[in-house]
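The values are calculated or read from the model by the stated rules, or taken from the named source; none is laboratory data. Keep in mind that what you see is a predicted model, and the values were worked out from it rather than measured. Here Cβ is always computed from backbone atoms with ideal geometry, including for glycine, and neighbour counts include all displayed protein chains. Keep in mind that these areas ignore ligands, DNA and RNA; they rest on the heavy atoms of the full protein, side chains included. Shrake-Rupley method; radii C 1.70, N 1.55, O 1.52, S 1.80 Å.
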Amino acid sequence: MQLVVARIGRAHGIKGEVTVEVRTDEPELRLGPGARLTTDPAANGPLTIETGRVHSGRLLLRFEGVRDRTAAEALRNTLLIADVDPAELPEDPEEFYDHQLIDLDVVLADGTEIGRITEISHLPSQDLFIVERPDGSEVMIPFVEEIVTEIDLEEQRVVITPPPGLIDESQAVIVSSRDEEASEPGNDA
């Protein structure tokens, strides 16, 4: 099975290093020196990592055969893909690979069916489950522990406790600071 583990960003310096946007919780395992990665587009690879280092909070990689800024810049926006055994699990029991979560049923704590996870969107601030509801519509569920309370791989389900309005917009509570100001004593709005 193949997992996208990073996206190549800009060239850094003149000796072939590139910045990478890490898309794995295990960069030391997937993006270490000697790792051979396939690419998307395939014509840019495969690439073997020669060196890696952190500079100003960003991971910088150099690949075998990429020796100058021009060659590094040509790799920009290339996805780096690692081959992973489907039976392999993350070291941390609280972490999951996307393939483990796709097609799990999503239910409320009382067992009410919400739908099935069809996609996981990795955003800078958090990950989102894209859940297809029985009627064909989609709902996005933030993958945060306050909402996703249980993941049971054996039972093939995810239990959520969503805030009002996340699943059913008619239950949304709209709070405005103007409403609070108007209700304070002495404010005749």
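A few points about this structure:
- Out of LEU29, LEU80, LEU60, sole residue that is over 30 Å from PRO134 (Cβ atoms) and at pLDDT below 90: LEU29
- Residue that is surrounded by the fewest Cβ atoms within 10 Å (Cβ to Cβ), among those in the range 118-136 that are at pLDDT below 90 and outside any strand (DSSP E or B): PRO124
- Flag for GLY165 being over 24 Å from PHE96 (Cβ atoms), open to solvent by less than 100 Å² (accessible area, probe 1.4 Å) and at pLDDT 90 or above: no
- Within the range 100-113, residues that are within 14 Å of ASP168 (Cβ to Cβ) have Cβ atoms under 8 Å from residues that are at pLDDT 90 or above and of a type in the set (S, T, N, Q) in these pairs: LEU108/THR161, counting only partners at least 6 apart in sequence or on another chain.
- Residues located in the range 32-50, provided they are in contact with a Leu (Cβ under 7 Å, 6 or more places away or on another chain) and either among the polar types (S, T, N, Q) or at pLDDT 90 or above (or both): LEU37, THR39, ASP40, ASN44, PRO46, LEU47, ILE49
- For the range 37-50, the criterion of being closer than 25 Å to GLU145 by Cβ and open to solvent by 70 Å² or more (accessible area, probe 1.4 Å) is met by none of the residues.
For (1) part of a loop (DSSP other than H, G, I, E, B); (2) of a type in the set (A, V, I, L, M); (3) more than 16 Å from GLY16 (Cβ to Cβ), each residue gets a yes or a no:
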site: ALA43; (1), (2), (3): no, yes, yes
site: VAL54; (1), (2), (3): no, yes, yes
site: LEU61; (1), (2), (3): no, yes, no
site: LEU75; (1), (2), (3): yes, yes, no
site: ILE81; (1), (2), (3): no, yes, yes
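- Lone unmet requirement of (1) touching a Gly at 6+ places or on another chain (Cβ under 8 Å); (2) free of Cβ contacts under 8 Å to residues at least 24 places away in the same chain; (3) open to solvent by less than 70 Å² (accessible area, probe 1.4 Å) for PRO33: (3)
- Residue count, the range 83-115 (criterion: β-branched (Val, Ile, Thr) and either touching a Cys at 6+ places or on another chain (Cβ under 8 Å) or not in a loop (DSSP other than H, G, I, E, B) (or both)): 3
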